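Notes for the one structure printed next.
The values are calculated or read from the model by the stated rules, or taken from the named source; none is laboratory data. Given the structure is predicted, the values throughout are model-derived calculations rather than measurements. So basically every Cβ, Gly included, is an ideal-geometry build from the backbone, and we count neighbours across all protein chains shown. Surface areas here come from the heavy atoms of the whole protein model, side chains and all, with no ligands, DNA or RNA. Shrake-Rupley method; radii C 1.70, N 1.55, O 1.52, S 1.80 Å.
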Amino acid sequence: MTAAISLIVLLVVLGSSIAVAAGMGLVGVVLNQLFSPMPLTRVTGELTWSTTTNFILTAIPFYIMFGEILLRSGIAGRMYTALVPWLSWLPGGLMHSNVAACALFGSVSGSSVATAATIGVVAMGEIDKHKYNEPLFLGTLAAGGTLGILIPPSINMIIYGVMTDTSVPKLYLAGFIPGFILTVFFSLTVLIACIWKPHWGGEKIHVNWREGIPLLPDLLPPLGLLMIVIGAIFFGIATATESAAVGIVGALAITAWRRRLTLTMLRDVCEATVRTTAMVVAILVGAFFLNIVIQAIGLTQQLSQLITAYQLTPVQVLTAVIFLYLILGTFMEELSMMISTIPITTPLMVQAGFDSIWYGILIVLLIQTAMISPPFGINLFVIHGIRGRGTLSDVEKGAAPFVLSLLLMIVLICVFPEIVMWLPRIVG
Amino acid sequence: MGRLQAIAEGISRVGAIVGGALLLLAALVICVDITLRYTISKTLGGADELSGYALAIASAWGFSAALLSRSHIRIDTVYVRVRPRVRVALDFLSLITFTSFIALITWHAWGVLRQSYVSNSHSLSEIEAPLVVPQSLWFVGLVFFVAVALLLLVRSLHALLTGDLAKVFALIGSKSAVAEAEEEVRATERAMDEGRRP
């Protein structure tokens with residue numbers, strides 16, 4: 001009963017447009033007043049200090065900073081151009097380059113919004129040149145962008161790892177194969193759409209792959225960074241946080257090599273990084289406090305008892321959780337949705353017998369789905385913002401087939417959990 | 001009072017830049033540390049600890065920068081569908097809860113800082129950093145947030161009393177997610193352009 005009331009109160013408070021960080025803090029204070037004999041508000045000072053000095057969480061500003069530097073390094077544009085000759089012969093042309101560029105950029109970026117925004121800005125100029133079906137073209141960018149958080153590194157996986165005590169490197173390993181399969185699914189979606197309606201694929205681009213060879217060096221900087229950032233973690237040379245720090249230095253080196261490193265640029269990078277970081281950290285502080293209260297009042301045990309009392313099977317629990325996120329995801333901002341709910345759903349899923357690494361990947365896929373599901377889908381807004389004309393519903397329409405691919409991917413990892421678990425098992 | 005806010009914006013901007021510079025510095029120290037670890041199997045020690053302090057200080061100072069640019073996340077599904085008067089009420093509700101929550105943290109943060117000072121605490125690592133130093137910078141960042149939030153509260157109350165709802169919105173309103181995304185996109189475009197110029 002307490003559990004149901006708490007969850008409803010939380011959703012009402014957050015729904016009333018109170019800043020998410022404060023909303024979670026407020027619910028924590030109220031629950032503490034009502035149900036706990038201990039004045040837990042006293043720990044807020046210590047808790048904020050220990051949370052914000054957590055070394056694993058330092059990876060978050062590092063990845064954000066890494067992304068801010070990459071933006072200014074000019075590698076995204078060159079990378080996109082270098083991919084074009086290799087992929088644009090397929091039915092759907094540049095739309096495959098969009099997906100591939102997002103996947104490649106996603107493997108150095110930990111954020112979906114940053115991936116969609118960066119590749120979106122680079123690709124948008126091409127839409128009129130080749131007469132593509134506009135909604136589908138926009139859809140590839142919105143959906144491709146979501147790969148940023150599935151393909152490691154991933155800010156969302158770091159947050160999930162810290163909040164649920166799950167190994168971040170294992171989550172990274174687990175995201176790799178699903179990330180690859182989903183990239184292929186997105187490309188297949190374009191292919192099927194363009195075979196079914198050939199005019200959607202725009203004018204055929206005649207490129208000789210020989211022209212692609214001189215451009216290959218432009219793929220080296222992102223691939224090099226990928227090797228450093230991901231390789232170091234996979235081979236156990238560095239932790240997730242350390243590898244992000246190395247990434248920053250690598251990105252700075254590329255920027256300097258391209259003669260783009262200036263003091264103004266560094267100042268802007270610092271300011272933008274802190275602004276974004278503070279937003280995320282504020283929510284985390286609220287969530288960590290709420291989490292402590294939830295544990296102190298025995299809310300998670302209550303939920304577990306609920307499962308036993310009603311003799312729910314794992315499949316029923318799983319289905320309920322998936323539907324919960326599909327519904328929440330339509331109207332809730334994605335980061336807040338994840339942070340405010342995983343302290344409740346993760347123990348529930350683990351109790352029902354699911355592995356917390358596997359569940360982490362499921363959560364990421366559900367967030368990706370939420371990011372391109374109307375009415376609230378952050379990537380839809382980003383791509384609409386870049387396009388600067390037409391209506392939001394064009395982007396929504398174009399993203400719809402990719403929502404289907406994501407749902408298919410979710411079903412796939414539910415039926416074959418090994419897709420997720422195989423890599424962390426053999427390496428870990 | 002507008003000038004006071006301009007000053008606050010200036011300070012919080014400097015706070016954010018310095019916080020970011022601390023993070024950048026921490027990243028460099030970590031890289032040096034890794035290099036030393038794999039070349040002469042030695043470490044500087046404390047690189048992870050220092051980056052933790054950098055995150056705490058940077059985020060405490062960043063809270064106010066994000067508040068001033070109205071970029072703290074709010075769920076606006078209901079917000080955009082209600083009448084302007086209700087919206088203004090929600091804006092005040094949001095600002096007041098946010099201020100109270102951070103004030104609560106700041107109050108107890110003072111306890112943390114005082115405790116470190118009284119018992120002269122040092123970190124449990126090889127560098128044995130005196131905790132008072134990073135905790136003071138962190139605490140001042142939090143106090144600054146509360147001050148900025150109160151300033152915004154006074155200014156928006158004043159605007160409300162003079163019936164200037166547009167100004168209330170400009171000070172403390174929730175930007176719609178669409179507008180937020182638009183800003184993100186402009187910032188991305190600017191950043192990519194900035195790079196292009198030599």
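In this structure, does B:LEU142 turn out to be buried (at least 20 other Cβ atoms within 10 Å of the Cβ), more than 16 Å from B:PHE92 (Cα to Cα) and at pLDDT 95 or above?
Considered against the rule, which asks whether it is buried (at least 20 other Cβ atoms within 10 Å of the Cβ), more than 16 Å from B:PHE92 (Cα to Cα) and at pLDDT 95 or above, B:LEU142 comes out as yes.
Suppose we filter A:THR346, A:THR300 for residues that are touching a Phe, Trp or Tyr at 6+ places or on another chain (Cβ under 7 Å) and either more than 13 Å from chain B (Cβ to nearest Cβ) or farther than 24 Å from A:MET157 by Cα (or both); which single one remains? Steps first, please.
Values: A:THR300 fails: touching a Phe, Trp or Tyr at 6+ places or on another chain (Cβ under 7 Å).
Being touching a Phe, Trp or Tyr at 6+ places or on another chain (Cβ under 7 Å) and either more than 13 Å from chain B (Cβ to nearest Cβ) or farther than 24 Å from A:MET157 by Cα (or both) holds for just one of A:THR346, A:THR300, which is A:THR346.
Scan region B:150-198 for residues that are polar (S, T, N, Q) and open to solvent by 70 Å² or more (accessible area, probe 1.4 Å) and the total you get is 1.
Yes or no, residue by residue, for (1) within 30 Å of B:ILE172 (Cβ to Cβ); (2) among the small types (Gly, Ala, Ser); (3) touching a strand residue (DSSP E or B) at 6+ places or on another chain (Cβ under 7 Å):
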site	(1), (2), (3)
A:ILE8	yes, no, no
A:VAL20	yes, no, yes
A:THR44	yes, no, no
A:ALA76	no, yes, no
A:GLY92	no, yes, no
A:ALA103	no, yes, no
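Looking only at residues that are open to solvent by 10 Å² or more (accessible area, probe 1.4 Å) and either more than 14 Å from every other protein chain (Cβ to nearest Cβ) or assigned to a helix (DSSP H, G or I) (or both) in region A:359-380, which one is nearest to A:LEU147 (Cα to Cα)? Once the filter is applied, the top-ranked residue is A:MET371. Considering every residue within region A:234-249, establish whether at least one is open to solvent by 60 Å² or more (accessible area, probe 1.4 Å) and not in a loop (DSSP other than H, G, I, E, B). No, region A:234-249 contains no residue that is open to solvent by 60 Å² or more (accessible area, probe 1.4 Å) and not in a loop (DSSP other than H, G, I, E, B).
Table: residues versus (1) open to solvent by 10 Å² or more (accessible area, probe 1.4 Å); (2) touching a strand residue (DSSP E or B) at 6+ places or on another chain (Cβ under 9 Å); (3) more than 14 Å from chain B (Cβ to nearest Cβ).
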site: A:THR115; (1), (2), (3): no, no, no
site: A:ILE119; (1), (2), (3): no, no, no
site: A:ALA123; (1), (2), (3): no, no, no
site: A:LEU150; (1), (2), (3): no, no, yes
site: A:THR166; (1), (2), (3): yes, no, yes
site: A:LEU171; (1), (2), (3): no, no, yes
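Can you tell me which residue within region A:313-334, out of those that are open to solvent by 30 Å² or more (accessible area, probe 1.4 Å) and aliphatic (A, V, I, L, M), is farthest from the other protein chains (Cβ to nearest Cβ)? Steps first, answer last, please.
Kept after step one, since they are open to solvent by 30 Å² or more (accessible area, probe 1.4 Å), are these residues of region A:313-334: A:313-316, A:319-320, A:323-324, A:326-327, A:330-331.
Next, only the ones that are aliphatic (A, V, I, L, M) stay: A:315, A:320, A:324, A:326-327.
Numbers: A:VAL315: 31, A:ALA320: 22, A:LEU324: 16, A:LEU326: 16, A:ILE327: 12 Å.
Applying the filter and picking the extreme gives A:VAL315.
Which of the residues spanning region B:161-178 are more than 21 Å from the chain's Cα centre (by Cα) and closer than 30 Å to A:GLY77 by Cα? Scanning region B:161-178 gives a single hit, B:VAL178.
When you check A:ARG275 against the structure, is it open to solvent by 10 Å² or more (accessible area, probe 1.4 Å), farther than 20 Å from A:GLY106 by Cβ, within 7 Å of chain B (Cβ to nearest Cβ) and not hydroxyl-bearing (Ser, Thr, Tyr), yes or no?
Numbers: open to solvent by 10 Å² or more (accessible area, probe 1.4 Å): yes; farther than 20 Å from A:GLY106 by Cβ: yes; within 7 Å of chain B (Cβ to nearest Cβ): yes; not hydroxyl-bearing (Ser, Thr, Tyr): yes.
Yes; evaluated as a whole, the condition is true for this residue.
Output the residues belonging to region B:70-104 that are at the interface with chain A (Cβ under 7 Å from one of its Cβ atoms), open to solvent by 30 Å² or more (accessible area, probe 1.4 Å) and polar (S, T, N, Q). Of everything in region B:70-104, just one residue is at the interface with chain A (Cβ under 7 Å from one of its Cβ atoms), open to solvent by 30 Å² or more (accessible area, probe 1.4 Å) and polar (S, T, N, Q), namely B:THR77.
Kindly provide the set of residues from region A:244-259 that are among the β-branched types (Val, Ile, Thr) and farther than 16 Å from A:GLY231 by Cα, ordered by number.
Start the filter on region A:244-259 by keeping residues that are among the β-branched types (Val, Ile, Thr), which leaves A:246, A:248-249, A:254-255.
Once the filter is applied, which keeps residues that are among the β-branched types (Val, Ile, Thr) and farther than 16 Å from A:GLY231 by Cα, region A:244-259 yields A:ILE254, A:THR255.
Note on region A:287-312: residues that are farther than 15 Å from A:VAL27 by Cα, of a type outside the set (A, V, I, L, M, F, W, C) and open to solvent by 60 Å² or more (accessible area, probe 1.4 Å) total 5.
For region A:18-60, a residue qualifies if it is outside any helix (DSSP H, G or I), at the interface with chain B (Cβ under 8 Å from one of its Cβ atoms) and more than 15 Å from A:VAL280 (Cβ to Cβ), and the qualifying residues are A:ILE18, A:THR53, A:PHE55.
When region B:21-50 is filtered for residues that are over 16 Å from A:LEU57 (Cβ atoms), part of a helix (DSSP H, G or I) and either open to solvent by less than 30 Å² (accessible area, probe 1.4 Å) or at the interface with another protein chain (Cβ under 7 Å from one of its Cβ atoms) (or both), the ones remaining, listed by number, are B:ALA21, B:LEU24, B:LEU28, B:CYS31, B:ASP33, B:ILE34. Within region A:180-225, the set of residues being farther than 22 Å from A:LEU136 by Cβ and open to solvent by less than 80 Å² (accessible area, probe 1.4 Å) comprises A:ASN208, A:GLY212, A:LEU215, A:LEU216, A:PRO217, A:ASP218, A:LEU219, A:PRO221, A:PRO222, A:LEU223, A:GLY224, A:LEU225. Looking only at region B:139-198, residues that are without any contact (Cβ under 8 Å) to a residue 24 or more places away in the chain, of a type in the set (Ser, Thr, Tyr) and in a helix (DSSP H, G or I) come to 1 in all.
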